[in-house]
Amino acid sequence: MKEIKVPELAESITEGTVAEWLVKEGDSVEKGDAILELETDKVNVEVNADASGVISELLVEEGDDVEVGDTVAKIDENGEGGGSSEAEEDSGQKEESEQQEESSDDGKQESSKDSQEEASEKQEDTKDDSKQDPNKDIVASPAARKKARELGIDLRDVKPNDPLGRIRPEDVEAAANQSKEDKGSKDSKKESKKSKKSEEKSSEKTEFEKPVEREKMSRRRQTISKRLVEAQQTAAMLTTFNEVDMTAVMNLRQERKDQFLQKHDVKLGFMSFFTKAVVGALKEFPLLNAEIQGDEIVKKKFYDIGMAVSTDEGLVVPVVRDADRLGFAGIEKEIGRLGKRARDKELALDELQGGSFTITNGGIFGSMLSTPILNAPQVGILGMHNIQKRAMVMPDDSIEVRPMMYIALSYDHRIVDGKEAVQFLVRIKEMLEDPYNLLLEG
C-alpha cells in the first residue's frame, strides 16, 4: 500500500486547502497522474500519484486544510479496480484449490484440522520465498508470518519476546495493537487541532435575527486579507496624488496602433507606457525600488514590475521580469500572457514572487481615485485610474477639454521621504505627457 502525501510546494508555503479530488476510490491511476487539486496561498497546484495502482482510500475531503507531509490518499499497487482484498482472497482460494487437487492425486489428502494448518503454513512459506519477501531472513514461525500478512504488519517492526529472537504470533498481535494505538493518537491530535480551529471560528461568529448566507473564505482570500492588514500594520504607509493629461499617449496610440499590431501581433495598450515611465522614474529615485531587511535598506538593481490582476478568487500580482530590457511589444505580450494565466489559474509560484515595484489599474473598473495598499516587502505601488474628460486651463489661459487621469503613489515613509515620492510621481507625469521620448528610449 502506497501513501500519497502533500509534497513540498515552495519555501513560503506549508499548507493548503483541498479544492477538488480528481479521482475517486476504486479508480486506477498511473504514476504521475494528477489526483488532487490543492489551493494554496498564491496558486492552485496539483498533487500527483507517486505510484501506479488503484485508489484504495481518500483520507481527506474537499474543503479540508492539509499541511506539507500529510497523507491524503492510499494507493494499492497490486489492486485491480475491484479492491485488493478481494483479489488476494480469490488468489488464496485458487492456490488452496490447486494444492488440494495435487494432494488428492498423490494420495496425501489430510483429514485433520491440525495437518491442514501445517500444510497451509508451509504453503505460505513457499510463497514467501518465491516472491523474495524482504522479511524472509527474519526468524519467525510460519504462524507468525501468516498473522503478519493478515494484519498488514511488517515483521521488521515487530519486537520478539523470545530470548532467541524468534517472532511468534502473539508478538505480531502486540505490534498490531501498538500500531492501532499510535494511529489513534495521531488521529486524536488531528481531530483536536480541527476542533480547536472550529471553536475559534465559531467564537467569532455573530448571530443575526434576519436571514444571512455564510460562505467560507477561500484560502487565497484569507491570505490576501491577512497580508493587506500586515502591510498597513508594519509599514508607515502614505499616499500622494497627481494627474496626467493623457492626450499625447492617446494620440500616439491612435497613430501607431495598426502598424504596431501588424508588426508585433499585439495591441499597443496603456500599460506599456506606464511600465516604461515607472522604470525610468525608479532609476532616478532608487529608494522606491528598495526594501527594508532588518536595519538595512536593500536597493535593487533590477526592475521586476508586478502587475495586479483581478480574478474570480481575488487579486494576484504576477511579475514582468526585467521590464527595463523589454520594448513596448515585449511588455504588452508578457502582460497579456500573465493575465491569461492568472484568469485560467495556471500561474506558477515563480511568476508571483520577487517583484520590486507594483502597478495596479483600478481604472478598468471605473475607479476615479484610490489609495493602493503596498505589496510588502515592496515600498512603492502606483495606482492608475479612469480617464475622464475635464475642462483644463492651458498655459495660454485658454480652456480645453482634456482626457485626464488621476495617479496615486503609496509608499513606505520609513525610507521614502515625501519629497522623493512627489518628485517620482511628477517624473512619471512628465514622461507620460511626452511619450515620444519613451518610445525612442524603449
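Bear in mind that the values in this text are calculations on the coordinates, not laboratory data. Remember, it's a predicted structure, so these values are computed and weren't measured experimentally. Neighbour counts run over all protein chains shown; Cβ positions are idealised from the backbone, glycine included.
Less than 14 Å Cβ to Cβ from V298, Lys/Arg counted +1 and Asp/Glu -1: what total charge do the surrounding residues give? With Lys, Arg at +1 and Asp, Glu at -1, the net is -1.
Taking every lysine pair in segment 2-76 that is 8 or more places apart or spans two chains, those with Cα atoms closer than 18 Å amount to 8. According to the calculation over all Cα-Cα pairs in segment 2-76, the P(r) per 10 Å bin from zero is 21, 57, 20, 1 %. Using a cut-off of 28 Å between Cα atoms, the listed pairs K216/K267; K301/K419; K226/K299; K205/K226 include K216/K267 as exceeding that distance. Amide H to amide H distances under 5 Å link V72 with I4, K5, V6, where only residues 5 or more positions off or on other chains count and H is placed in the peptide plane. Taking amide H positions as modeled 1.01 Å from N, with prolines and chain starts lacking one, the residues under 5 Å from V379 and 5 or more places away or on another chain are A290.
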